[in-house]
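**Student:** This is the structure, below, for whatever I ask next.
The values are calculated or read from the model by the stated rules, or taken from the named source; none is laboratory data. Note that the coordinates shown come from a computational prediction; the quantities given were computed from them, not determined experimentally. Using ideal geometry, Cβ is built from the backbone for each residue, glycine included, and neighbour counts are taken over all protein chains shown. To get the accessible areas, we keep the full protein, side chains included, count just its heavy atoms, and leave off ligands, DNA and RNA. Shrake-Rupley method; radii C 1.70, N 1.55, O 1.52, S 1.80 Å.
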Amino acid sequence: MQDVGHCYIVEWQSVLKPIQPRLYSISSSPLVSPDRVEVTVSAVRFDGPAGLRRAGVCSTYLADRRTEGDTVPVFIQPNKSFRPPADDVAAIMIGPGTGVAPFRGFVQERAETGASGRNWLFFGAQHFNSGFLYQSEWQDALKRGELDRLDLAFSRDQAERRYVQHLLAAQA
């Protein structure tokens, strides 16, 4: 390869694959937030080979390089088969970590529509203090009767690890 200035970059770019889209579940109901779409993102950070600190491309972009009020280009990929159940049907929602995102929107939606079906959420994270996403919202939803039951597992807060699947097995 000869040194011809910017050609190094063009040649290097020609062998790279485009970054794949990052898909996040919407964590808000359009009935509650009609002018915005909320997502739940946890910044991915870990130690890679040889002790190199690694970070997620999109999650750390959103966490570290954007501030509240900034806009970010997005596209919506609909999933017509994943939606809140009919208003009179009970919902059992299993959302460990950021997997709880769509269920936040489901509970909001069902509260706004006055759904009569019960709402039961299983949630888990490593630690209560740092991982209990939307803690105050869930507690408020319980008080208002919008959430009928909340089962929690925090896997690293005690000697024996306890996960959401342990909660599910106990309720089988």
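**Student:** Filter the range 94-114 for residues that are under 14 Å from Ala141 (Cβ atoms), touching a helix residue (DSSP H, G or I) at 6+ places or on another chain (Cβ under 8 Å) and either surrounded by fewer than 22 Cβ atoms within 10 Å (Cβ to Cβ) or not charged (D, E, K, R) (or both) and give the result.
**Tutor:** Result: Gly95, Val107, Ala111.
**Student:** Report the residue count in the range 117-172 for those that are in contact (Cβ under 8 Å) with a residue 40 or more places away in the chain and assigned to a helix (DSSP H, G or I).
**Tutor:** Count: 3.
**Student:** Answer with yes or no whether Arg66 is basic (Lys, Arg), modelled with pLDDT under 95 and in contact with a Cys (Cβ under 8 Å, 6 or more places away or on another chain).
**Tutor:** Criteria not met by Arg66.
Listed here are the residues, each with its yes/no results for (1) open to solvent by less than 70 Å² (accessible area, probe 1.4 Å); (2) under 20 Å from Ala111 (Cβ atoms); (3) modelled with pLDDT of 90 or more; (4) in a loop (DSSP other than H, G, I, E, B).
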residue: Gln13; (1), (2), (3), (4): no, no, no, no
residue: Gln20; (1), (2), (3), (4): no, no, no, yes
residue: Leu31; (1), (2), (3), (4): no, yes, yes, yes
residue: Asp35; (1), (2), (3), (4): no, yes, yes, yes
residue: Ala43; (1), (2), (3), (4): yes, no, yes, yes
residue: Val72; (1), (2), (3), (4): yes, no, no, yes
residue: Ile76; (1), (2), (3), (4): no, no, no, yes
residue: Pro84; (1), (2), (3), (4): yes, yes, yes, yes
residue: Asp88; (1), (2), (3), (4): no, yes, yes, yes
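**Student:** Related question: Out of the range 45-70, which residues are assigned to a loop (DSSP other than H, G, I, E, B) and either closer than 22 Å to Gln20 by Cβ or touching a Pro at 6+ places or on another chain (Cβ under 8 Å) (or both)?
**Tutor:** Gly48, Leu52, Gly56, Arg65, Arg66
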